[in-house]
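Engineer: The following block contains the structure, expressed as C-alpha cells.
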Amino acid sequence: MIVISDATPIISLLKINRLDLLEKLFGSVRIPKGVFAELTENQRFQEEAKIVEDSVFIQVVEEIDDSYVSLLRRSTGLDLGESEAIFLSDNGKADLLLMDEARGREVAVRMGIRVMGTIGILALAYEDSLLSSEEIKSAIEVLRDSGRHISDRLYEQLLALLPREGL
C-alpha cells in the first residue's frame, strides 16, 4: 500500500506520542520534501524533528514536479506541503493520502484521491486493537487542548465506534 502524508496528521500523532501508529497501520509512509521541511526546520520543535528524522518508516520523496505544485498552489490556495502531498498522491498512484486540512481534502477528493485524516487514523487503530477507547478519548483531549481543530461531527463519528462503557 502506498501512503502519502501531509504534515498535520504527523504533527497530531507526535502530540499524542503515537507516531508509531503509522508504521503499525501502513508499514511505511511517504512524505514530500516540503512536508519534511515543515516537520523538521522549526527550531521550537527540535525534539519532534529528531523523532521524524529517526523514523525509518517515513520516506522523504525529493522528486516533485515544481510546475505542477506551483499551478496547484495558485489555483487552490493550498500551501506547499499540501500541494506536494496531492501531487505525490496523484502521480505516485497512492492508495491513501493522510491529510486533515479541509480545503486540501476537498481538492484531493475532487481529483479522485482517497483521503484519511487523524480521526480516521485513530479509528483504524482502534479497529485494529492498537488503541483502547480510553486511549482514543485521551488522544482527542490532548489534540483539542493543543489547539488542533476536531469538528464535533468527526468527534461524534469516532465516539460512535467506541463502546459506551469506555466513555
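Engineer: Report yes if GLY112 is surrounded by fewer than 17 Cβ atoms within 10 Å (Cβ to Cβ) and either on the phi > 0 side of the Ramachandran plot or of a type in the set (Asp, Glu) (or both), otherwise no. If you could, list the steps in order and put the result at the bottom.
Structural biologist: Values: surrounded by fewer than 17 Cβ atoms within 10 Å (Cβ to Cβ): yes; either on the phi > 0 side of the Ramachandran plot or of a type in the set (Asp, Glu) (or both): yes.
Against the criterion (surrounded by fewer than 17 Cβ atoms within 10 Å (Cβ to Cβ) and either on the phi > 0 side of the Ramachandran plot or of a type in the set (Asp, Glu) (or both)), GLY112 qualifies.
Engineer: Regarding GLU47, is this residue buried (at least 17 other Cβ atoms within 10 Å of the Cβ), at pLDDT below 95, in a helix (DSSP H, G or I) and not aromatic (Phe, Trp, Tyr)? Give the steps one after another, and end with the answer.
Structural biologist: Values: buried (at least 17 other Cβ atoms within 10 Å of the Cβ): no; at pLDDT below 95: yes; in a helix (DSSP H, G or I): yes; not aromatic (Phe, Trp, Tyr): yes.
It is false that GLU47 is buried (at least 17 other Cβ atoms within 10 Å of the Cβ), at pLDDT below 95, in a helix (DSSP H, G or I) and not aromatic (Phe, Trp, Tyr).
Engineer: Go through region 1-10 and report how many residues are in contact with a Lys or Arg (Cβ under 9 Å, 6 or more places away or on another chain) and either part of a helix (DSSP H, G or I) or open to solvent by less than 10 Å² (accessible area, probe 1.4 Å) (or both). Step through it out loud before you land on a result.
Structural biologist: Start the filter on region 1-10 by keeping residues that are in contact with a Lys or Arg (Cβ under 9 Å, 6 or more places away or on another chain), which leaves 2-5, 8.
Checking the rest, the ones that are also either part of a helix (DSSP H, G or I) or open to solvent by less than 10 Å² (accessible area, probe 1.4 Å) (or both) come to 3-5, 8.
Matching residues across region 1-10 total 4.
Engineer: Checking MET111 against (1) touching a Leu at 6+ places or on another chain (Cβ under 7 Å); (2) within 26 Å of ILE2 (Cβ to Cβ), which single condition isn't satisfied?
Structural biologist: The one condition MET111 does not meet is (1).
Engineer: Of the numbered conditions (1) in a helix (DSSP H, G or I); (2) touching a helix residue (DSSP H, G or I) at 6+ places or on another chain (Cβ under 6 Å); (3) more than 25 Å from TYR155 (Cα to Cα), VAL60 satisfies every one except a single condition; which is it?
Structural biologist: (1)
Engineer: Do we have any residue at all in region 123-137 that's closer than 14 Å to ALA85 by Cβ and in contact (Cβ under 8 Å) with a residue 60 or more places away in the chain?
Structural biologist: Of the residues in region 123-137, the ones closer than 14 Å to ALA85 by Cβ are none.
Scanning region 123-137, I find no residue that is closer than 14 Å to ALA85 by Cβ and in contact (Cβ under 8 Å) with a residue 60 or more places away in the chain, so the answer is no.
Engineer: Looking at LEU13, LEU39, which one is open to solvent by 10 Å² or more (accessible area, probe 1.4 Å), in a helix (DSSP H, G or I) and either under 20 Å from LEU96 (Cβ atoms) or touching a residue at least 60 places away in the same chain (Cβ under 8 Å) (or both)? Outline the logic, then answer.
Structural biologist: Working: LEU13 fails: open to solvent by 10 Å² or more (accessible area, probe 1.4 Å).
Residue meeting the stated conditions: LEU39.
Engineer: A further question on this structure: Tell me, which residue of region 139-151 that is without any contact (Cβ under 8 Å) to a residue 24 or more places away in the chain and small (Gly, Ala, Ser) is farthest from ALA7 (Cα to Cα)?
Structural biologist: The qualifying residue farthest from ALA7 (Cα to Cα) is SER151.
Engineer: Would you please name the residue that is nearest to LEU162 (Cα to Cα), looking only at residues in region 110-126 that are within 14 Å of the chain's Cα centre (by Cα) and assigned to a helix (DSSP H, G or I)?
Structural biologist: Residue satisfying both the conditions and the ranking: ALA123.
Residues are listed down the side, and each one gets a yes or a no for (1) touching an Asp or Glu at 6+ places or on another chain (Cβ under 9 Å); (2) at pLDDT below 90; (3) open to solvent by 30 Å² or more (accessible area, probe 1.4 Å):
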{"residue": "GLY120", "(1), (2), (3)": "no, no, no"}
{"residue": "LEU124", "(1), (2), (3)": "no, no, yes"}
{"residue": "GLU127", "(1), (2), (3)": "no, no, yes"}
{"residue": "SER132", "(1), (2), (3)": "no, no, yes"}
{"residue": "ILE136", "(1), (2), (3)": "no, yes, no"}
{"residue": "GLU141", "(1), (2), (3)": "no, yes, yes"}
{"residue": "ARG144", "(1), (2), (3)": "no, yes, yes"}
{"residue": "GLY147", "(1), (2), (3)": "no, yes, yes"}
{"residue": "ARG153", "(1), (2), (3)": "no, yes, yes"}
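Engineer: In region 17-36, what count of residues is obtained for those that are more than 20 Å from LEU130 (Cα to Cα) and open to solvent by 30 Å² or more (accessible area, probe 1.4 Å)?
Structural biologist: Taking region 17-36 as the starting set, the residues that turn out to be more than 20 Å from LEU130 (Cα to Cα) are 30-36.
Now narrow it down to the ones that are open to solvent by 30 Å² or more (accessible area, probe 1.4 Å): 30, 33, 36.
Going through region 17-36 one residue at a time, the tally reaches 3.
Engineer: Could you list, in sequence order, the residues of region 63-106 that are touching a strand residue (DSSP E or B) at 6+ places or on another chain (Cβ under 8 Å), in a helix (DSSP H, G or I) and open to solvent by 50 Å² or more (accessible area, probe 1.4 Å)? Walk me through it before giving the result.
Structural biologist: If we filter region 63-106 for residues that are touching a strand residue (DSSP E or B) at 6+ places or on another chain (Cβ under 8 Å), which is where we start, we get 64, 81, 84-89, 92, 94-99, 105.
Checking which are in a helix (DSSP H, G or I) leaves us with 81, 84-89, 105.
Selection gives ARG105 alone.
The values are calculated or read from the model by the stated rules, or taken from the named source; none is laboratory data. None of these values were measured; they are calculated from a predicted model. As a convention, Cβ positions derive from the backbone with ideal geometry for all residues, glycine included, and neighbour counts pool all protein chains shown. Quick note on the areas: whole protein, heavy atoms, side chains included, nothing else; ligands and nucleic acids left out. Shrake-Rupley method; radii C 1.70, N 1.55, O 1.52, S 1.80 Å.
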